[in-house]
Amino acid sequence: RKAVKVIALSEGFRAGIIAKGKPPSDVLFVPNGMDDWMLDVRPAIPSDYPFDTRTHFICTYIGAHGRWNKLETILEAAHLLAGTRVRFLLIGDGDYKDELKRYADSLHLTNVCFLDAVPKKSVFDYLNLSHVAVICAWDHDFHAMILANKVFDYMAAGRPVVATDVGGLGELIEDTVHGLLVPPRDPGALADAIAKLLRD
């Protein structure tokens, strides 16, 4: 309330701050971006990389494994794509990861691999071996405000993005990168989008 200017990292946050009474001229939208070093990364093949990039079509998620990330949608899409050459790599940690692993086991998924979190500079080693990057979210007011940081890593790596069409994320992907948007919590739509990229 006392700040002369307020910086919002998404249009959703900006709208929320203005709705609380801050004059629009005092709220600046400054989105996240990427550091220059991201453009100079020389990718290596990680020793724990689980898939064959020559035969598999690899969809990668890198980030938090929490309840809010709605990664069940990815697992359910993997179930629908069983028997294809699509593989899913989920990298990161979070309070929901053990539950996600149990859910994957209950679906008898053989096309999904979980890896632990990696240092920021190692993210591109995995992304550069991927064919598609994935982001999921809930259809919730909170997600309508935020803009997932991981999308900037995905964009820097030059990978197509399949993402939930929620808030500023959908607008960013439509405006700047090759990618497809799917409805929230819709594993069928996610599987169809990935299958389309596989055909293309």
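The values are calculated or read from the model by the stated rules, or taken from the named source; none is laboratory data. No experiment lies behind these values; they were computed from the predicted model shown. Cβ: placed from backbone, ideal geometry, glycine included. Neighbour counts: every protein chain shown. Remember, those area values only see protein heavy atoms, side chains included, never the ligands or the DNA or RNA. Shrake-Rupley method; radii C 1.70, N 1.55, O 1.52, S 1.80 Å.
In this structure, does Arg102 turn out to be under 16 Å from the mean Cα position of the chain (by Cα) and open to solvent by 20 Å² or more (accessible area, probe 1.4 Å)?
no
Restricting the search to segment 19-44, which residues are modelled with pLDDT of 95 or more and of a type in the set (Val, Ile, Thr)?
Listed by number, the list holds a single entry, Val27.
Within segment 1-32, how many residues are open to solvent by less than 60 Å² (accessible area, probe 1.4 Å) and among the hydroxyl-bearing types (Ser, Thr, Tyr)?
Going through segment 1-32 one residue at a time, the tally reaches 1.
Taking the criterion of being assigned to a strand (DSSP E or B) and more than 20 Å from Leu198 (Cα to Cα), would at least one residue in segment 86-94 satisfy it?
Yes, segment 86-94 contains at least one residue that is assigned to a strand (DSSP E or B) and more than 20 Å from Leu198 (Cα to Cα).
How about segment 168-200: which of its residues are closer than 22 Å to Glu76 by Cβ and buried (at least 21 other Cβ atoms within 10 Å of the Cβ)?
Leu169, Ile173, Gly179, Val182, Leu190, Ala191, Ala193, Ile194, listed by residue number.
Determine whether Gly92 is touching a Phe, Trp or Tyr at 6+ places or on another chain (Cβ under 9 Å), at pLDDT below 95 and open to solvent by less than 20 Å² (accessible area, probe 1.4 Å).
Spelling it out, it is not the case that Gly92 is touching a Phe, Trp or Tyr at 6+ places or on another chain (Cβ under 9 Å), at pLDDT below 95 and open to solvent by less than 20 Å² (accessible area, probe 1.4 Å).
With the checklist (1) assigned to a helix (DSSP H, G or I); (2) buried (at least 18 other Cβ atoms within 10 Å of the Cβ); (3) under 20 Å from the mean Cα position of the chain (by Cα) in hand, flag the one item Tyr61 doesn't pass.
If we test Tyr61 against (1) assigned to a helix (DSSP H, G or I); (2) buried (at least 18 other Cβ atoms within 10 Å of the Cβ); (3) under 20 Å from the mean Cα position of the chain (by Cα), just (1) comes out false.
Looking only at segment 67-85, which residues are open to solvent by 10 Å² or more (accessible area, probe 1.4 Å) and in a loop (DSSP other than H, G, I, E, B)?
Lys70, Leu81, Ala82, Gly83, Thr84, Arg85
Here is a list of conditions, (1) open to solvent by less than 50 Å² (accessible area, probe 1.4 Å); (2) modelled with pLDDT of 85 or more; (3) under 23 Å from Leu90 (Cα atoms); (4) out of contact with any Leu (no Cβ under 9 Å at 6 or more places or on another chain), and Ser47 meets all of them except one; can you say which number that is?
If we test Ser47 against (1) open to solvent by less than 50 Å² (accessible area, probe 1.4 Å); (2) modelled with pLDDT of 85 or more; (3) under 23 Å from Leu90 (Cα atoms); (4) out of contact with any Leu (no Cβ under 9 Å at 6 or more places or on another chain), just (1) comes out false.
Could you please give the count of residues in segment 95-120 that are more than 23 Å from Ala44 (Cβ to Cβ) and part of a helix (DSSP H, G or I)?
Of the residues in segment 95-120, 10 are more than 23 Å from Ala44 (Cβ to Cβ) and part of a helix (DSSP H, G or I).
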